[in-house]
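Every read-out reported here was derived from the displayed coordinates using simple, explicitly stated rules and does not represent laboratory data. This one's a predicted model, so the numbers in the text were calculated from it and none came from an experiment. Cβ: placed from backbone, ideal geometry, glycine included. Neighbour counts: every protein chain shown.
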Amino acid sequence: MNHTKRWKRRAGTFAFVVVMAGCSGGGTASEPLVQEFPPGWRYPQADSPLSAAHGMVVSTDSLASAAGLSMLQAGGNAVDAAVATGFTLAVVNPEAGNIGGGGFLVARMADDTRVALDYREKAPLAATADMYLDADGRVTDAGVLGHLASGVPGSVAGMEAAWSRFGTLPWADLLEPAIRLARDGFVIAPRHLSSVGARAELLLRFPSTAAVFLPGGEPPQIGSVFRQPDLARALQSIADEGAAAFYAGWIADSTVAEMDRGGGLITHEDLASYDAVWRDPVVLDYRGHEVITMPPPSSGGVTMGQILNIVESFDLASMGWLSADHVHVAVEGMRRAYADRNYFLGDPDFVEIPMGRLLSQAYADSLAGTIDMRLASDSRAFNRVPEESTQTTHYSIVDREGNAVAVTTTINSWFGSKVVVRGAGYLLNNEMDDFTSKPGVPNQFGLVQGEANAIAPGKRMLSAMTPTIVVGPEGRTELVTGTPGGATIITTIFQAVTNHVDFGLPVRASVDAPRFHHQHLPDLLRYEPSGLPPAIVQELQRRGHVLEERTGISGDVQSIHVLEDGTLLGAADRRRGGQALGY
Ligand code: GLY
């Protein structure tokens, strides 16, 4: 497919100009240049992606990308690099990268093996459905802040499971950069810990956390060296003994002692029984492309799949990128898919999910048939029973063999529960808030969820994380992508996929492009500041959409576009200052 044709025109008053850089784009030896974003949009379009011939790592932090890249250059594969990047993010991006949280990994190996690894946190065995309700039945903040907010962490088990199955380098080598950066420190740049100051009041409530992030009561200074000796010791033990050190050794003792000090629930039994699970990825066909993505307990793959299936009935390309018709159809797809998400989805080990029906084209077509191009639908018509934290992180990797890995990981809020485990130096997640504390009552980020995602002992809380790989019609991996952003993750990656497949946006432009979001309830079409042209906003309002120009940014996408000749084009999102590195 010649993606450049898709960039010809858009509806409304704005015309895009496409200039060819070398050959045709979208799968050929280079990409088209896109010359116009909406007026006032924060990023220019002139910048190029990073280009590399052999291997690439794109993450939210240059030191983490460098750690992954060093594994590729040492002869390791994409999974080795993913493990090294993941552990390094726990050190250099502790507000989201983690060993105290969980995540999902989607990979397509060079031999076409496709896998999805679930290392989502689990509710402790002593958890109960109403544990976050007070005597009057009101939801308390204990699911968000402090010891009771933490699920049993899965990240270390997940990294070990990925390495055991696919890794090629010695395990301890993969942790070496993380240990060095924790032990010897790294120089605080503006992006590192920029979030500490804003959360100082919360972090100071926990002495073990304040000791790490607010020594002397103040955030570390830009330009100073930030060391985490306790975390370095924990990582060294994991390097020496494997995940057992975290789930049964002295780190487990420290975790349980921390729980005892703060009234948390995680016990030795919870830790010892934690397991990461290999699951069948969601694989769907979208306009001749295969989209490989994460199944439940993430809602990401199913919900994005439903949106893609719904919009497939419409010729998005001929509507033009960011035209009123394009945004209208996409939003109507989002509205319908999120209504199903919030009702049907939960941990597949606990609830029956009608996967076949939800992902069937016939069902999508029936939903598409209810879309009126002239008028926004009413969300109440699709009522079944969301927004989540944006404090997650994603990285994408491709190696010289063509193995591709997409990983999204989280401790939920910035700094998770805000509790650092004394002696082990790591932050615990507050993932329990991703469960339904009370059906119909929004969680901290506005998600209104149902019984399928109710709390139960040992159950995994529903996620929105959507690590995704797009395979082209010729069977070649074309795009590796993912993002943080809570409930907006799904719609952001839906836009990454359609930007690639329908509109042929070059990867740099796709990552820089403005994003919009709808999640059924609240019935709002949210978009980034200056992210939609005023004429399109007016037209969407005329059709009955309620629009909100959100504050701040949406997502932190890390994408790699693989060209037909094998060239890797990487784009890290400028929104948080990430970095693509390759060789
Ligand atoms: N905590 C965000 C997510 O898992 O979707």
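Note on segment 156-251: Cα Rg divided by 2.2 N^0.38 Å, N the number of residues, gives 1.25. Packing order of peptides 404-410, 155-161, 363-369, 244-250, highest average first: 404-410, 155-161, 244-250, 363-369 (average count of other Cβ atoms within 10 Å over each peptide's residues).
Take the convex hull of the alpha carbons in segment 210-337; its mean projected area over all directions comes to 14.2 nm².
Kirkwood hydrodynamic radius, computed over distinct alpha-carbon pairs, for segment 55-98: how many Å, to one decimal?
9.8 Å
In square nanometres and to one decimal, what's the mean projected area of the convex hull around the Cα atoms of segment 112-163? Kindly include the intermediate steps, with their values, before the conclusion.
On the way: hull surface 21.1 nm².
Average projection, Cα convex hull of segment 112-163: 5.3 nm².
Close amide H pairs (under 5 Å, H built 1.01 Å from N) link Ile455 with Thr436, residues at least 5 positions away or on another chain.
Which of the GluC sites (Glu not before Pro) found in segment 473-549 are in a DSSP loop and have at most 14 neighbouring Cβ atoms, other than their own, within 10 Å? Please report the intermediate quantities before stating the final value.
Values: sites: Glu474, Glu478, Glu539, Glu548, Glu549; in loops: Glu474.
Taking segment 473-549 and a limit of 14 other Cβ atoms within 10 Å, the loop GluC sites (Glu not before Pro) found are Glu474.
Normalised by the residues of segment 466-560, what does the relative contact order come to in percent, with Cα pairs under 8 Å and at least six apart?
The value is 30 percent.
Using just its DSSP H runs of length 4 or more, each adding -39500 (n - 2.57), the chain gives a mean residue ellipticity at 222 nm of -9000 deg cm²/dmol after division by all residues.
Cα convex hull, the chain: 129 Å³ per residue, rounded to a whole number. The shape of segment 454-583 can be summarised by an equivalent ellipsoid whose semi-axes, obtained from the alpha carbon gyration tensor, come to 27, 21, 14 Å from longest to shortest. The equivalent ellipsoid of segment 73-208 has semi-axes of 32, 22, 11 Å, largest first, where each one is the square root of 5 times an eigenvalue of the Cα gyration tensor. Averaged over residues, the count of other Cβ atoms within 10 Å places the peptides 370-382, 416-428, 278-290 in the sequence 416-428, 278-290, 370-382, highest first.
Note on segment 481-544: the C-alpha convex hull projects to 4.9 nm² when averaged across all orientations.
Ratio to report: Rg/Rh of segment 316-374, with Cα atoms as the point set and Rh obtained by the Kirkwood method; give two decimals.
Numbers: Rg = 14.0 Å, Rh = 13.0 Å.
Result: Rg/Rh = 1.07.
Across segment 513-583, the convex hull enclosing all Cα atoms gives 124 Å³ per residue.
The loop-placed trypsin sites (Lys or Arg not before Pro) in segment 130-220, going by DSSP, that have at most 15 neighbouring Cβ atoms within 10 Å of their Cβ come out as Arg138, Arg205. Kirkwood radius for segment 29-141, taken over all pairs of different Cα atoms as the inverse mean of 1/r, rounds to 18.3 Å.
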